[in-house]
Structure formats: structure tokens, C-alpha cells
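Student: Can you keep this structure in mind? I'll have questions shortly.
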Amino acid sequence: MGFVLAVFYFVVTYLGTGTIFGSFAAYHIELILAVVILLVSLPALLRSFIFKTPQSLALIGLALAVFLSMLIGAHWAGGAVKAVLDFIPSIYAYFLVCLHCNTRGRLKILISMLLFVCMFVIVHGIIDLRHGVSLIDPRHPEVTSSPYILAQTNDAREQIYRLKGQNFLNDPNDFAQFIVCVIPLAFFFWRAKKTVRNLVLVLMPVGLLLYGVFLTHSRGAVVALMAVLVVALRRRIGTLPSLLGAGAMFLAAMALNFTGGRSISAGSGSDRTALWGEGLQLLKSHPLFGVGFNQMADQVGMTAHNSVVVCAAELGLTGLFFWSMFLFPSLRDAIAVASPEKAREGTPFESKDQHDSLKPVETDPIDKAEINRMGRLMILSFTGFLVAGWFLSRAYIMTFFLLGGMAEVVFEMALQRGTIASRLPLARVLLYAGILTISLIVLVYILIRVLNLVH
């Protein structure tokens, strides 16, 4: 029951309550659903591995940082409570995945849900574009008759239409980032020497997803796809050939007008670079707790279009530390599982608890090669999210925490089957999270200086 409700909760959250419930969305059914899932999940919580993960502690710290950012940074006690309530649904995804999507079969159902969300939006957008899209308010030229299409002008002042989702994907760039994350996950269904199966379950859906990225005309998504391609091919053909392949993909994307006439260059990103600098200035003036959750746009007129800068400016070093504390072990565990050198052949874990939700069963055998493959796919998905997120202000989006939960489930499956060593001690995670926090700030600063020199 908890698993079914969790998947339904994700569908409602990604597609929007208005899409699923129509006029009944006014009754905040998603909140009722979240409470019901919490109550149903209590028995699974007691026997879950979730208390063993440093990510759980990181999310508690991140929620506290959100609260303090409004209470101390923005000097608004009422806003602090509201900010935490707005933030909780995003981190809720991590706990739901760890609690209920804890087998390979359930991970596949979760991925099927993500694919469904992408295809639902893409198909609706294609239909609306085919039947014609019109502007409905001259005062807001971006608003169209379709909830899935955004009107915009490109560098040549020509009008283009860009595909977008709903709720927190209500922006073409956000939806493109989501698609790029989902593309590697589709290969969970790939099976060697199963041509027809792979064509129907993997290649055709991926083709539609790529067309969806094209319809978003997102420049960041093109860069993210290049990064995913490099990481995917590097182990097989080497770094240089994979870079050449990514370069060829970039040229093909430009030839096909993937960005809709919106250029990709250092000059075209000068406004974003300036906003990155504004974000660092806010961090300098509010170093510990930032200016407040979702408050950067109110401070400088726009958000920074960089997840790291936004997190640092709004939540300070405290928030960025806990954000890094979630990111580092999630990536580390995915990399450990993906590495043939670190993962090893093992014997199934024998649990004394017959109700252990992660106990391997004979009907779901997973060997070392499959563990490695799932880990690599999680790395590719994280790569797409993080590279696209470098150009977006989406540090707190649900997808980030959902991917972290998936990575930890894969790691736990490897751990239970004896194919991987244990998690890093908390002390080391804290140390590496601190190093990552400082490194991210330094990286942003260096990029700003370099890009300013180029301009």
C-alpha cells in the first residue's frame, strides 16, 4: 500500500494537482495524501536502513538551515515556518524512495512513472503544437493557450514555442533537466541480446525523450546531454574519443536548431555570470544563514541561474554544507557501486528478520555486473541533473532528492548482497562535505573571473 501511494504521490507532484484532480485541487489533496503515506510508512520506517544513511541527517540539517535562513537571514519568523513547509515535500521524496522503492522491481516501476510523466507532457505539447498555439494575454506575451507551451523570442527576435511541464517543472529549462535525468534511467530496462524488447522499452522511449528536449530548446540541456555522453562513453572508448563524440553531438544539435536560435556562448551567458557575482556578494554579507529561502530574487531582482550559488546565497554556508552533505555520499555510493574494482562478487545477505524489506530473494537475483550497471546509470542521471543544474536555480527540487534515494537504494541492494563495502563513517562524510562546500564556492569564483576576462 505504501509503495502504491508513494508512486501516486510522485505522479501528482510532478504533473500538478490541477492536472490530476481538476477543481478538487483546491482542497489540497496532495497534503492529505502525504499525511496518509506518512502514517502507512511508519511500520516500514522502523526496519528501514534509512537511519544508517548520512543523507537523512543532511536533510534534517538542510531543513533547519531553511528555517534559520528565514528566521535570522530574512528576520521573518512566520516566513520561516512557511519555508520549511514548502521545503518538506521535496526532501520527502528521498524518504519515500528509500522506504518503499527498495527492490529492483520497484525501482523499475518508479522509473516507469518518471517516463510516464515525461511522455505525458511531451505528447500533450506535440498535440497542442500540431493544432496551433495562440497567445491569450497581450500583457503577458509568454502565456499561451496551452499549459505545456511557453512563447518566447530568440536571439533574432523571432517567436519560438518551448515545451514545459507543470508544478515545479513549469519552465522549459526545468523540464529539460528532468528529461535529461530520466534518459539514462530508461536503460534500467535494457537487456543484452533482447533486440525487440530493447527497441520497444528503451530506444523508442529515449527517442521521444530526446525529441522532448528538442522542443524545450534548452541550451543547458544540450550541454548536459554532452556531459552525459562523455561520462557514458569514457570507460568504453576513452576520454578523447568520447569528447570528440560529444563535440559531434553538439555540432549536430546546432545544425538541427536544438536551441531554437538561442546561442550558446560565453557572451550569451554574461547576464548569468553577473547574477553569480551578485549571489556571492549576498553570501559575503550573510555568510552563515544567507538571505532567506527563495529570497534571492527579491534581493537582486532575479535568481542566480546556478543551483550552487542560489543555495549559498539563500541558505549561507550552513545550508550549502548540508546540501553538499547530501550530494557527496549519494555520488560516492553510486560511484562505488558502479566501479568494478570496488564492487565484488559476494554472497547474499542472510537477514534474521523475515520481514526485512531489503532481503534478497531468489526471484530477483542481482549479480555484480548488474549492480555495476545500475550504479553507472545512476551516475549518468546525476551527471545530467548537476550539469543542467549549473545553469538553473534548482538546488531544492524534488528530483535531486529522488535521485539520491534511488542511488542509496542501489547501494543498499549491493550491500545486502555482499558486493560492496560499508558506507563511509559519518566523520569522513562531514569532512568531505566541508571540503566540497568550499570547493564549490571557489569553483564559482574562478569561473566568474575567467568569464569576465573573456567578456
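The values are calculated or read from the model by the stated rules, or taken from the named source; none is laboratory data. If you're wondering where the values come from, they're calculated on a predicted model, not measured in any experiment. Reconstructed Cβ throughout: ideal geometry from the backbone, glycine too, with neighbour counts over all protein chains shown.
Student: Being farther than 18 Å from L225 by Cα and part of a helix (DSSP H, G or I), is that true of even one residue in region 380-388?
Tutor: So far as region 380-388 goes, no, none of its residues is farther than 18 Å from L225 by Cα and part of a helix (DSSP H, G or I).
Student: Check whether at least one residue in region 392-413 is part of a helix (DSSP H, G or I), aromatic (F, W, Y), touching a Ser or Thr at 6+ places or on another chain (Cβ under 7 Å) and crowded, with 21+ Cβ neighbours inside 10 Å, and report yes or no.
Tutor: Yes: region 392-413 contains one or more residues that are part of a helix (DSSP H, G or I), aromatic (F, W, Y), touching a Ser or Thr at 6+ places or on another chain (Cβ under 7 Å) and crowded, with 21+ Cβ neighbours inside 10 Å.
Student: Any residue that is surrounded by fewer than 23 Cβ atoms within 10 Å (Cβ to Cβ) and touching a Ser or Thr at 6+ places or on another chain (Cβ under 7 Å) - is there at least one of those in region 272-285?
Tutor: Scanning region 272-285 turns up no residue that is surrounded by fewer than 23 Cβ atoms within 10 Å (Cβ to Cβ) and touching a Ser or Thr at 6+ places or on another chain (Cβ under 7 Å).
Student: Let me ask another. Pick out the one residue from V223, V228, V213, V206 that is free of Cβ contacts under 8 Å to residues at least 40 places away in the same chain and under 23 Å from the mean Cα position of the chain (by Cα).
Tutor: V206
Student: Considering only residues that are among the hydrophobic types (A, V, I, L, M, F, W, C) and over 20 Å from the mean Cα position of the chain (by Cα), which ones fall in region 231-241?
Tutor: L233, I237, L240
Student: Please state which one of G22, G78, G18 is over 30 Å from A407 (Cβ atoms) and in contact with a helix residue (DSSP H, G or I) (Cβ under 7 Å, 6 or more places away or on another chain).
Tutor: Result of the check over G22, G78, G18: G18.
Student: Take region 110-152 and flag every residue that is exposed (fewer than 14 other Cβ atoms within 10 Å of the Cβ) and either part of a loop (DSSP other than H, G, I, E, B) or β-branched (V, I, T) (or both).
Tutor: Within region 110-152, V123, I127, G132, S134, I136, D137, P138, R139, H140, P141, E142, S145 meet the criteria.
Student: Also, quick follow-up: So D155 ticks every box in (1) under 30 Å from E30 (Cα atoms); (2) outside any helix (DSSP H, G or I) but one. Which box is left unticked?
Tutor: D155 satisfies every listed condition except (1).
Student: Next question, about the same structure. Restricting the first residue to region 150-168 and requiring it to be touching a residue at least 60 places away in the same chain (Cβ under 8 Å), which pairs with a second residue that is part of a helix (DSSP H, G or I) meet a Cβ separation below 6 Å and a spacing of at least six or different chains?
Tutor: Every condition considered, the pairs that remain are R162/P172; R162/T216; G165/V121; G165/F175; Q166/L15; Q166/T19.
Student: Among the residues that make up region 205-226, is at least one of them of a type outside the set (G, A, S), within 22 Å of N372 (Cβ to Cβ) and touching a helix residue (DSSP H, G or I) at 6+ places or on another chain (Cβ under 9 Å)?
Tutor: yes
Student: If I filter region 444-455 down to residues being closer than 18 Å to H305 by Cα and in contact with a helix residue (DSSP H, G or I) (Cβ under 8 Å, 6 or more places away or on another chain), which single residue comes out as modelled with the lowest pLDDT?
Tutor: N452
Student: Of the conditions (1) within 25 Å of Y94 (Cα to Cα); (2) free of Cβ contacts under 8 Å to residues at least 24 places away in the same chain, L331 fails just one. Which one is it?
Tutor: The number of the failed condition is (2).
Student: For region 180-252, give me every one of the helices (runs of 4 or more DSSP H) that falls completely inside it and has 1 or more residues that are buried (at least 19 other Cβ atoms within 10 Å of the Cβ).
Tutor: 204-216, 219-237
Student: Which pairs have Cβ atoms under 7 Å, sit 6 or more apart or on different chains, and link a residue in region 29-43 that is free of Cβ contacts under 8 Å to residues at least 60 places away in the same chain and loosely packed, with under 15 Cβ neighbours inside 10 Å to one that is assigned to a helix (DSSP H, G or I) and among the polar types (S, T, N, Q)?
Tutor: I29/T17
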